[in-house]
Amino acid sequence: MRKIELVQNILEANESIAAQNKRLLDEHGVFAINIMASPGAGKTSLILQTIARLKGKLRIGVIEGDVASTLDAEKVKNEAVGVVQISTGNMPESCSLNASMLDAALKKLPLEDIDLLLIENVGNLICPSEFVLGEHKRVVVSSFPEGDDKPIKYPMIFADADAVVINKADLLPYVDFDIAVFRRAIEGLNPKVKSFELSCKTGAGIESWCSWVLNGLMSSQGRANST
Amino acid sequence: MHEFGVTESIIDIALKEAKKAQARKITKINLVVGELTGFMPDCIEFYFDFMSKDTVAEKADLHFESAPAQVRCRSCLTIFHPKDTLWACPECQSQGAEIVAGRELYIESMEVE
């Protein structure tokens, strides 16, 4: 018997594909946002609202990750420059997108015609936190009816987020949601996180979210141009 | 649920190392899984059993060691093991801590013949 000392990171394969994806996106000047949430929080609604506000300024592509169906891709297909549906139900793993799924999806998109790529992850607050895709920003969409305890129950996904959107602000009068509890939890995990309270239904608060997206895109392209 | 790809990576790494060492059999793989990750050892074992068939890793014993979670209080910098879900500091009671350990997932070593 011989012992081989290794200390080898198991997620390295995913991370190296993610790094290739990021290089490919940067080469084409595409700014990519990974949108993660539980099912029903409003990922698709946020994508539709973002496209509605920004499509005059930017060329937007969308990748839809779902376990089954092309319902979400159908909803956005008339709005975006390109849409790719990833149906994870046909894959050995269905609970999250990973870097090789993004790699395959990027090959189907006209990257030279896209400025902003919105990647809708599979609805799940656990698995997507383990896999980087090669995105520039990680965003979690939460919603008022889900309750203020989500960052306490699922800390990992909030710990790595660049921004947190709290959707369905129009329902706030009907639910018990203590915004101070929620903020204390996300800022405790992640002091640099930006948060946006908005309603995809009424459109309230969407402007400041869109400004954050635009600013992120411009500073990412500024960095790319200066190198 | 997402252990399939992870198990695939474990087997890839183990087979590559076994080949390098010119081993004819892998008897044990020692893995470290952080307490804050969502990876389930039972699930990795389940996939490993059928994914390693007909390779030198077949029937290898998987040994899992849990790496405990450690967080650092942002106010007083005390490092502690978070006991409750609020991650409140046991020294100064403030809420807000940075993760120091517990997200690991790696192969520490393996035994071959």
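Remarks
- Computed over the range A:38-125: relative contact order in percent, which uses C-alpha pairs under 8 Å that are six or more apart: 40 percent
- Remark: relative contact order (the range A:120-213) = 27 percent; criterion is Cα-Cα distance under 8 angstrom and separation of 6 or more residues.
- Partners for A:Lys43 among lysines (Cα-Cα distance below 18 Å; same-chain residues under 8 apart left out): A:Lys55, A:Lys75, A:Lys77, A:Lys137, A:Lys150, A:Lys168, A:Lys194, A:Lys201
- Whole-percent carbon and sulfur share, accessible surface of chain A, 1.4 Å: 51 percent
- Rounded accessible area per residue of the range A:117-213, 1.4 Å, Å²: 37 Å²
- Extension gain (nm, one decimal) between A:Lys75 and A:Val181, 0.36 nm per residue minus Cα-Cα: 34.7 nm
- Solvent-accessible surface, computed for protein heavy atoms with a probe of 1.4 Å, shrinks by 30 Å² or more for the following residues of the range B:94-113 when the other protein chains are added to the isolated chain: B:Gln95, B:Arg103, B:Leu105, B:Tyr106, B:Ile107, B:Glu108, B:Ser109, B:Met110, B:Glu111, B:Val112.
- Average accessible surface area per residue within chain B, 1.4 Å rolling probe, Å²: 52 Å²
- Annotation for the A:B interface, with buried accessible surface near 3000 Å², both sides summed [1.4 Å probe; non-protein components not counted].
- The distance between label points at A:Ala104 and A:Arg223 comes to 2.9 nm (points 7 Å beyond Cα on the Cα→Cβ vector).
- Rounded to the nearest 20 debye, the dipole size of the range A:168-227 about its Cα centre is 280 debye, using +1 on the Cβ of Lys and Arg and -1 on the Cβ of Asp and Glu.
- Cα-based reach from B:Lys16 at 18 Å (exclusive), listing lysines while leaving out same-chain residues under 8 positions away: A:Lys3, B:Lys25, B:Lys28, B:Lys53, B:Lys59
- Prolate/oblate/rounded call for the range A:1-49, Cα gyration tensor, a/c under 1.5 rounded: oblate
- Potential extension, A:Leu171-A:Asp113 segment - 0.36 nm per residue separation minus Cα distance: 17.1 nm
- When nucleic acids and ligands are ignored and a 1.4 Å probe is applied, A:Val122 ends up with an accessible area of around 10 Å².
- Relative contact order %, chain A, counting alpha carbon pairs below 8 Å whose residues are six or more apart: 24 percent
- Across chain A the C-alpha pair distances fall into 10 Å bins from zero in the proportions 8, 33, 37, 17, 4, 1, 0 percent.
- Note on B:Asp49 and B:Glu113: the extension gain reaches 21.1 nm, defined as 0.36 nm multiplied by sequence separation minus the Cα-Cα distance.
The values are calculated or read from the model by the stated rules, or taken from the named source; none is laboratory data. Everything quoted here is computed from the prediction, not taken from an experiment. Heads up, the Cβs are rebuilt from the backbone with ideal geometry, glycines too, and the neighbour counts pull from every protein chain shown. Only protein heavy atoms, including side chains, enter the accessible area calculation; ligands, DNA and RNA are left aside. Shrake-Rupley method; radii C 1.70, N 1.55, O 1.52, S 1.80 Å.
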